[in-house]
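Let me begin by presenting the structure, written as structure tokens, before commenting on it.
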Amino acid sequence: MRFAKAHGLGNDFILVESFSSPFLPTSEFARAACHRQLGIGADGLLTLSPSDKADFKMTVHNSDGTTALMCGNGIRCAALAAKTWRLAEGPVWRVETESGVYAVEERDGQFRVDMGLPTVERREDGWLAKVGNLHWVWLEHRADFETEAPVKAREHQANAHEAVFVEPFRLRVRTFELGAGFTQACGTGACASVAAWIRSGGEPGEYQVDLPGGSLLIEQNGRGSIYMTGPAVIAYLGSLNSDFRAQRITASL
């Protein structure tokens with residue numbers, strides 16, 4: 001079974017190709033494969049399989065074995081893997097997810113994704129936004145972020161973010177992802193942060209969002225679709241025995 005280890009701004013994934021050899025991912029497999037010491041190690045497992053709605057389907061498992069509807073950094077990595085494995089030619093890929101079908105376009109070595117229409121709701125102490133996944137956003141620096149982010153994530157069953165104004169059209173974002181913990185970057189979370197900022201009174205346009213692992217460009221004009229542009233990198237390719245467990249790794253590079 002072919003796999004790729006890839007990342008978008010340090011948010012890393014194991015991608016498994018389920019075209020040539022059908023593979024049904026399980027929570028146990030995801031936990032074992034994503035284990036940092038006993039597995040390959042990753043924030044999540046992405047399975048690419050045939051789709052009757054798009055060029056391929058991307059199924060997302062978090063490192064704890066739970067599933068997610070969508071993954072912004074992951075979908076860019078999935079497009080690059082599809083190109084590398086020649087599953088679909090590109091430079092535009094339509095990708096089916098549990099959150100809908102998304103268009104990914106390669107432009108000058110970067111990948112631009114139409115993330116659709118965000119929904120944003122003001123809450124008493126923050127914002128709840130839906131961009132692929134559900135996100136809790138604080139539009140301020142939180143000294144207690146590392147302790148409170150997991151609490152808010154569990155409370156709302158959402159990823160939690162701190163989005164801080166740096167300068168016009170630039171935000172700095174930290175992330176706690178439900179099912180993966182603190183990560184280097186969250187693509188859907190960067191989009192949710194910009195959507196919340198604009199809804200709070202910020203000017204629409206193209207924003208640079210600085211994350212611990214690097215920067216994404218997030219664009220929303222008016223209340224239309226939001227677009228994410230960023231890199232994807234394949235670190236290595238390999239093959240994997242589908243019956244491996246955390247105690248018995250059989251990956252070959």
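The values are calculated or read from the model by the stated rules, or taken from the named source; none is laboratory data. The structure displayed is predicted, hence computed values, not measured ones. Ideal geometry is used to build each Cβ from the backbone, glycine not excepted, and the neighbour counts take in all protein chains shown.
Structure above, values below:
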quantity	calculated
Filter result for the condition that a residue is at pLDDT below 95 and either under 30 Å from Ser18 (Cβ atoms) or within 15 Å of the chain's Cα centre (by Cα) (or both), over Ser193, Ser215, Ser239	Ser239
From Thr183, Thr175, residue being under 23 Å from Thr66 (Cα atoms), under 14 Å from the mean Cα position of the chain (by Cα), of a type in the set (Ser, Thr, Tyr) and surrounded by 24 or more Cβ atoms within 10 Å (Cβ to Cβ)	Thr175
Entirely in the stretch 117-206, the strands (runs of 3 or more DSSP E) that have 3 or more residues that are in contact (Cβ under 8 Å) with a residue 12 or more places away in the chain and under 26 Å from Arg76 (Cα atoms)	126-131, 133-138, 159-167, 170-177
Among the residues listed as Thr84, Thr97, the single one being among the polar types (S, T, N, Q) and either under 15 Å from the mean Cα position of the chain (by Cα) or within 23 Å of Thr67 (Cβ to Cβ) (or both)	Thr97
Leading residue by the ranking (farthest from the chain's Cα centre (by Cα)) among those in the stretch 19-35 that are buried (at least 19 other Cβ atoms within 10 Å of the Cβ) and under 22 Å from Val233 (Cβ atoms)	Ala33
Filtered residues of the stretch 96-116 (kept if in a loop (DSSP other than H, G, I, E, B), within 23 Å of Leu134 (Cβ to Cβ) and either touching a residue at least 40 places away in the same chain (Cβ under 8 Å) or small (Gly, Ala, Ser) (or both))	Ser99, Met115, Gly116
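Rundown of residues vs (1) among the hydrophobic types (A, V, I, L, M, F, W, C); (2) in the same structural domain as Cys71 (by TED's automatic domain parsing); (3) modelled with pLDDT of 95 or more, yes/no style:
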position: Thr147; (1), (2), (3): no, no, yes
position: His156; (1), (2), (3): no, no, yes
position: Glu167; (1), (2), (3): no, no, yes
position: Leu171; (1), (2), (3): yes, no, yes
position: Arg174; (1), (2), (3): no, no, yes
position: Leu178; (1), (2), (3): yes, no, yes
position: Cys186; (1), (2), (3): yes, no, yes
position: Gly205; (1), (2), (3): no, no, yes
position: Leu253; (1), (2), (3): yes, no, no
